[in-house]
Amino acid sequence: MRLTFNVNGRQQEADDVWEGESLLYVLRERLGLPGSKNACEQGECGSCTVRLDGVPVCSCLVAAGQAQDRDIVTVEGLADQAKKRAAAGCAGGACGTTLDEAKQWESKPADGQSGEASTSPLTLSPIQQAFIDAGAVQCGFCTPGLLVAADELLERNDSPSDADIREALSGNLCRCTGYEKILDAVRLAAARAGAETAGTGA
Amino acid sequence: MDFLRPASWEEALAAKAEHPTAVPIAGGTDVMVEINFDHRRPDVLLDLNRIAELQEWEVGEDTVRLGASVSYTSIIENLRSELPGLALASHTVASPQIRNRGGVGGNLGTASPAGDAHPALLASGGEVEAVSVRGTRMIPIDEFYVGVKRNALEPDELIRAVHLPKADGPQQFSKVGTRNAMVIAVCAFGLALHPKTRTIRTGIGSAAPTPIRAKEAETFLAAALEEGGFWENGKIIPPAVARQFAELVSGAANPIDDVRGSASYRRHALGIMARRTLGWTWDEYRGNERSAQCA
Amino acid sequence: MGVTRTPTNITQGSQTKGGIGESTLRPDGTLKVTGEFAYSSDLWHEDMLWGFTLRSPHPHARIKSIDTSEALAQAGVYAVLTHDDLPTEHTKYGLEYTDTPVLADGVVRHHGEPVALVAADHPETARRAAAKIKVDYEPLPVVHDEASALADDAPILHPGRDDHHAGQVPHPNIVHRQPIIRGNAEEAAQRADVIVSGEYEVGMQDQAFLGPESGLAVPGEDGGVDLYVATQWLHSDLRQIAPVLGLPEEKVRMTLSGVGGAFGGREDLSMQIHACLLALRTGKPVKIVYNRFESFFGHVHRHPAKLWYEHGATKDGKITHMKCRIVLDGGAYASASPAVVGNASSLSVGPYVIDDVEIEAVALYTNNPPCGAMRGFGAVQACFAYESQMDKLAEKLGMDPVEFRQKNAMSQGTIMPTGQVVDSPAPVAELLRRVKAMPLPPEKQWEAAGDAADVRALPGGLSNTTHGEGVVRGIGYAVGIKNVGFSEGFDDYSTARVQLQVINGEPVATVHTAMAEVGQGGVTVHAQIARTELGVTQVVIHPADTQVGSAGSTSASRQTYMTGGAVKNTCEAVREKVLEIGRRKFGTYHPAWATAELLLESGKVVTDGGEPLADLVDVLEGETVDIELEWRHRPTEAFDLVTGQGFGHVQYSFAAHRAVVEVDTELGLVKVIELACAQDVGKALNPLSVKGQIQGGTTQGLGLAVMEEIIVSKDSKVRNPSFTDYLIPTILDTPTIPVDVLELADEHAPYGLRGIGEAPTLSSTPAVVSAIRAATGLALNRVPVRPEHITGT
């Protein structure tokens, strides 16, 4: 079957889609967007999390045909999404701040001088930058799904408690980090956004 | 495999009549796992996502009409006071991502004994609105589960909604899993006090071939409460009564040993959950009564 | 979260920014957060086919016939291969013994063993075709434990063994046996005032890395093949792949793709040979991606173990002796079992001084899933048993469990049961003191929010099983010892190629190794080392491939030590070469060129007094310094096969944990509230990464303690191959993990560092179980602890 839907603000088409394919498969294998990950394909790990009409879902459990005419945001679209939010009033915290202003934040990393391919803050959303800065990325396979879930959390709750963060991310498995640095990253992103809002008097 | 995308409820019914083996897919949280893991290859997938009314609910005078595809997240956010037991059960479903997609219609359609909604539905009581081109049937929830992963639907029927009485008293839901989130029930228990009718209803999950009620326990407790005048005097339920209730709940179960837990553990855990949820609901009932008297 | 160092005389290189000791950020971080990092399952090629593996539903069966004709006739199917289609007489592979068939050869020995391969134009086409392959199996009796493996009428699973241990094992179904005898345990037992014994059991744990096995094989025009794959050791794969394909190693060109975690599960081959065979047969690129179900059959697991222990102690709390017997279930093929036996036996005593020991460890061949490497590698199983024994001994003596451990703790100079003298810091007592000294988390945190109990802070979590009823807090301690690097005389080395040149007016170092970056952050550390040693800011990490010499495996906590050491060593050679060029060009301008210790720092040649002599740019001009060198750690020895004596391990690593748990004693549910860890890391090259490793390892130990187990039935079938029923900790299961890092340098190691990846996985498990025991008063001799064990139902 043929599919038409919107991914990261762009109209996309896929042909000859087998009816049993998942949205995840179509994104990864037909649209060249492998950022969403195929870790369990049974909705038990969250690595394939995308926004479907704004709502975080496991794309492995969305039949491709169900995505027809709908809006998808994947990890590849997070930075754009953050920019749009920022343009709409900085509410999502797309404007950066110094690490010193981050609350509950203990281990201070060096700045991104370490041969980063590109650390221009313009290319990353605040939550993406926070994951790098906090050391929340190891193998990175869970990272895209966690980023989409964490980004959505901060969109609806700009100062989540630790329990809120844990509950919001309880559908995303990570096998490398023990989650501590992931919590750090979400706290850091929230603190940066909060500091920015305070700074602008918003 | 065919993929049908009816745009309206009537189209969906027509499609189901034409393809009785078609597998309805809404949240996809059961169907897609089976397809991804090659456990199932339906001839036809019938997508219900485009039928907006399935995602809607109406709160009436006495009942809530809950569209089959209303997500668990919506239930938690919007129906906590009308359907407290179901809202608690919804909160234990898998993960936030799954709760955003899955709904009660899917749980009923799959009719797995481990489905989290069932104990809450049984405890609440209610009816399943089953519809085909031939007409509409209201199936009492007690008659809905007919075997392991089998329900009372005819091949041409689809679930449009469930009709649930608005809670007239405290409700609780509790589920044992070996993880603190994102876990399938080892066993689960739902309890609803119905002060208006002075009845008790229960639901047991994952501890019998189908979701079941612990009817003997319900009758016993209702009689004990009546006899002691507890509904009026709001006294603490004597431990012996709670213990007897818990034992009867345990005894109602007919569990098996599997990778998730042993039969004897399931029986044991159901007793504990029955006793605790009774304590929580009764405390709440007494609190409500007291504040009603003060007001 | 302090960091404590001792002064050392170990060279620490220059002070260039971004060098060692800083928490520099991952060079692959940006790609990983944008979704652009190419994992092995993300690869795509024009005209690519999908490979699929047909696996055995039986744990042990003779294959009477295979009919592939119907499968081959399907539209879209390009190839179907069975054992008969293998191109050479080399039809087996293996890490230590060459005993694993590429495709089943007339018999299958475990549930899920690969039997046939399909290549097709869509994964669904391949799956449907595989379902049409007719395999006629004749089920055979199953060997599933020690008794059935060694019974008189036991089927011999690998008749005609020709491996290097075949001649010494007491039974052909024993993969390897290692005794260790030191002192006289019988005699020493006479001095004991108390004796405790116990039988312990460890379930089969899975690595559960999140990126399933996957890769892409592209046939080359020269008849060779290019393989892009996620693995832990490229050159070991290559050594096993090439002979099966009938190709010289240089025609099998391997490149490391993005690796979604490993933890030992990628030490053995999975889809590598299969994809190559299909690519060479069809002439098309072939991609294979396992789903989670298949992944449980696609890699080896942690050995389940049964352990019998006896310890004695005097009234004043000194351990007199230890006897133990450890039986590891190796499953159908050897994998890393021999080395796991070596670790389990040589580390079975734990980090304690015990002069009189009698130790035996064996690994069995059975029809259970093959077991091999997983983080902790033999030491995890032993640690659960000996730490359980320590608690028992302390209790019997009426002593505090921490004090008792400290009283018997080993230290630098202690002699191991293998006769090896521990010749670097072993701060076991200090680690225990530190975890014990950390402040305890507040009680009843579920009440903090106000009226209603916050179930997220209670056992059962969101499942709403308790609002505080039945909940009891318990605290437990454990400490463990792990070896670092390859042991027992293995020629352990790594290779690094480093180039230094001027690009766009700036000195740039390129580091090329075959090290598998599996998430641990080796690439970060390599860049830091190059900056420290070469005084440059810009470091390019070349993709890992087989165009450079072997780096050894990313396992055994060894890569920072070994490939980090290799990078350091090559950088030193590059620096010497640069200084030679500098002396040639500028030596006459300043006497310090000839007389001073010179460093490369911040783009300059400087004296050790800090005086700049020349810019690197001017020294190098158009020249490129390019050196590739192998680097070895000091040699070890094999353990004697009768006494177990020998200098077997190059380095040891230590961590201690304190676990605080809350147990719903009525329902048997556990919530770990905090898992504090203290670990000696020698030198933290990247403190942020060090903490990440410790917290991650700690969490895997927590998983083994309370939830993780592959359940294998008595008839050797895997019953829970999915993430629905094989549970790993979520963020709501994982507590805060405060980390106290010690840096006591090991003078034999680069920068004094100590391998760190595995030690925290060891002690985490027994600490959690000890805390559950404290809360419940139960013996709990098996992990994972299930609700049934706590409730007795």
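Laboratory data are not the source of any read-out in this text; all were calculated from the coordinates shown. All of these numbers come straight from a predicted model, not from anything done at the bench. Glycine gets a Cβ as well: all are built from the backbone with ideal geometry, and neighbour counts include every protein chain shown.
Things worth noting here:
- Unsatisfied cross-links (Cα-Cα over 25 Å) in the set B:LYS175/C:LYS306; A:LYS181/C:LYS683; C:LYS287/C:LYS568; C:LYS92/C:LYS714; C:LYS132/C:LYS717: B:LYS175/C:LYS306; C:LYS287/C:LYS568; C:LYS92/C:LYS714
- Rg over Rh [alpha-carbon atoms, Kirkwood Rh] for the protein assembly as shown: 0.97
- Arranged from fewest to most other beta-carbon atoms within 10 Å of their beta carbon, C:VAL455, C:VAL768 become C:VAL455, C:VAL768.
- Each label point was placed 7 Å from the Cα along the Cα-to-Cβ direction; for B:ARG198 and B:ILE236 their separation is 2.4 nm.
- Hull-based mean projected area of region C:678-760, where the convex hull spans the alpha carbons, in square nanometres: 7.4 nm²
- A DSSP coil position with no more than 13 other Cβ atoms inside 10 Å describes the following GluC sites (Glu not before Pro) in region C:153-225: C:GLU221.
- Summed side-chain charge close to B:PRO195 - residues other than B:PRO195 whose Cβ falls under 15 Å, Lys, Arg +1, Asp, Glu -1: -1
- Between the listed residues C:ILE711, C:PRO57, C:SER764, the Cα displaced farthest toward the positive end of the dipole of the protein assembly as shown, a dipole computed from Cβ unit charges relative to the Cα centre, is found at C:SER764.
- Distance between the C-alpha centres of region C:741-775 and region A:34-57: 34 Å, rounded to the whole angstrom.
- Ranked packing of C:496-502, B:230-236, A:183-189, C:62-68, most packed first, by mean Cβ within 10 Å: A:183-189, C:496-502, C:62-68, B:230-236
- A simple packing score, the average count of other Cβ atoms within 10 Å per residue, orders the peptides C:589-601, B:77-89, B:110-122 as B:110-122, B:77-89, C:589-601, with the highest score first.
- Gain in span if fully extended, B:SER81 to B:GLU18, counting 0.36 nm per residue against the direct Cα distance: 18.7 nm
- Calculated FRET efficiency for the pair A:ASP162/C:ASP105, C-beta based, R₀ 56 Å, to 0.05: 0.55
- Summed side-chain charge close to B:ARG276 - residues other than B:ARG276 whose Cβ falls under 9 Å, Lys, Arg +1, Asp, Glu -1: -1
- Spin-label zone in region B:213-244 - amide nitrogen under 19 Å from a point set 7 Å from the Cα of B:ASN254 along the C-beta vector: B:213-219
- Chain C - charge dipole about Cα centre, Lys and Arg +1 at Cβ, Asp and Glu -1, debye rounded to 20: 820 debye
- Based on Cα contacts under 8 Å between residues 6+ apart, region B:2-165 shows a relative contact order of 25 percent.
- Two-site FRET efficiency, C:LEU150 against C:ASP454, from Cβ-Cβ distance with R₀ of 56 Å, rounded to 0.05: 0.60
- Positive-pole candidate from C:ALA566, C:VAL617, C:ALA659, dipole of region C:559-659, charges at beta carbon: C:ALA659
- Ordering C:ARG375, B:ARG267 by the number of other Cβ atoms within 10 Å of each residue's own Cβ, fewest first, gives B:ARG267, C:ARG375.
- Translational diffusion of chain C, µm² s⁻¹ [Kirkwood Rh, Cα pairs; Stokes-Einstein; 10 °C; 1.306 mPa s]: 57 µm²/s
- The mean of 1/r over all pairs of different alpha-carbon atoms in region C:128-231, once inverted, gives a Kirkwood hydrodynamic radius of 20.8 Å.
- Anchor C:LYS32: aspartates and glutamates whose Cα lies under 12 Å away (excluding residues fewer than 8 positions away in-chain): A:GLU76, A:GLU116
- Whole-number percent relative contact order across region B:91-217, with pairs defined as alpha carbons under 8 Å at least 6 apart: 31 percent
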